[in-house]
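Coordinate-derived values only; no laboratory data. What you see is a predicted model, and the numbers here were worked out from it, not measured in a lab. Cβ: placed from backbone, ideal geometry, glycine included. Neighbour counts: every protein chain shown.
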Amino acid sequence: MKTIDRLIEEDKATGGAQLTPDPSYGLPAKKPTIELKKVHHSKSLSEETPAYSAQVFVDGVHFCDVTNHGTGGPDDYHSYGDKTFAEDLKALNERIGATFPKFGQDYNRDGWPRDLEVVCHELLDEAAIAKDLSRLLKRTVAFFDPAKREVRSFKGKHEGVARAHLITAALRKTPDAIILNNLPFVDALTLFKSAAAALAIAFFVFASPPANAHPNHICHFHATVQHCR
């Protein structure tokens, strides 16, 4: 069973878009810092891919705008007349592939190199999952079950003494439970993301994808929260 410290360590090493370069590449490329600004993300229109639009900043400079209609197609990039954009995008994807670790080893042993589209979708997920967790912690008591890698919570809003009783009840029922409300937000987010990742892996394996499938649009799951009575 992985401890919270181990999970946090792994997240810092491989999670999200702020990732440590894989030293096995041995390339001198500088890892780009990628940010999304002016994000408009529609969950209701997101079917096979996220429906969104945003400005993409690379190393602090506005690189392009990006859109996706949410129907399974690739991201569209808009550079507004920059004649060298195709070459610039190719060079950026090469930098990302050289300095970010591969992803998808849970689905394919060798994994796949990241590119701008994967990083953008990861940034969207990071923001959405953080928002979900923040909302959950404000309204109730939530805890992480390490054995099942699930996040559970109590229905309804509970404060003061009632909240303390629920925490006691959660620990009595699941002694190894980690109360997310008692953790720094960044640590609680790591466990919340771990539960979301476990759900995504279970779904992908159950769906039995082809061995050579490239999950450029891997289903993105937020943690499913099991409610306790």
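Asp76 label point, 7 Å along Cα→Cβ, cut-off 12 Å on backbone N: hits in the stretch 30-57?
52-53
For the pairs Lys30/Lys83; Lys148/Lys193; Lys30/Lys193; Lys102/Lys131, flag any whose C-alpha to C-alpha distance is greater than 20 Å.
Violating the 20 Å limit, Cα to Cα: Lys30/Lys83; Lys30/Lys193; Lys102/Lys131.
Determine ³J(HN,Hα), in whole Hz, for all residues of the stretch 148-154 in sequence, where each value follows from phi through the Karplus function 6.51 cos²θ - 1.76 cosθ + 1.60 and θ = phi - 60°; x replaces Gly and Pro.
9, 6, 10, 9, 10, 8, 9
Please list, in order along the stretch 77-92, the HN-Hα scalar couplings obtained from phi with the Karplus expression 6.51 cos²θ - 1.76 cosθ + 1.60 (θ = phi - 60°), rounded to whole Hz, x for Gly and Pro.
10, 10, 10, 6, x, 6, 5, 9, 4, 4, 5, 5, 5, 4, 5, 5
Starting from 0.36 nm per residue, how many nanometres of slack lie between His165 and Lys148 once their C-alpha separation is accounted for?
Roughly 3.8 nm would be gained on extension.
Could you calculate the contour length gain from Ala130 to Ser44, that is, 0.36 nm times the residue separation minus the distance between their Cα atoms, to one decimal place in nm?
Extending this stretch completely gives an extra 29.1 nm.
Taking θ = phi - 60°, what integer Hz values does the Karplus form 6.51 cos²θ - 1.76 cosθ + 1.60 yield along the stretch 111-125, in sequence order, with x for Gly and Pro?
Result, rounded to whole Hz: x, 9, x, 6, 9, 4, 4, 4, 5, 4, 5, 5, 5, 4, 4.
For the residue pair Gln105 and Ile179, what label-to-label distance in nm results when each label sits 7 Å from Cα along the Cα-to-beta-carbon direction?
Taking the simple label geometry, Gln105 and Ile179 are separated by 3.5 nm.
Taking H as built 1.01 Å from N, whose amide H comes closer than 5 Å to the amide H of Arg114, not counting residues under 5 places away?
Sorted by chain and number, the residues that satisfy this are Phe103.
List the residues whose amide H sits under 5 Å from the amide H of Val141, counting only those 5 or more places along or on another chain, with H placed 1.01 Å from N in the peptide plane.
Amide H to amide H, under 5 Å and 5 or more residues apart or across chains, Val141 pairs with Phe154, His158.
With the crude spin-label approximation of a point 7 Å out along Cα→Cβ, what separation in nm comes out for Gln55 versus Asp88?
1.4 nm
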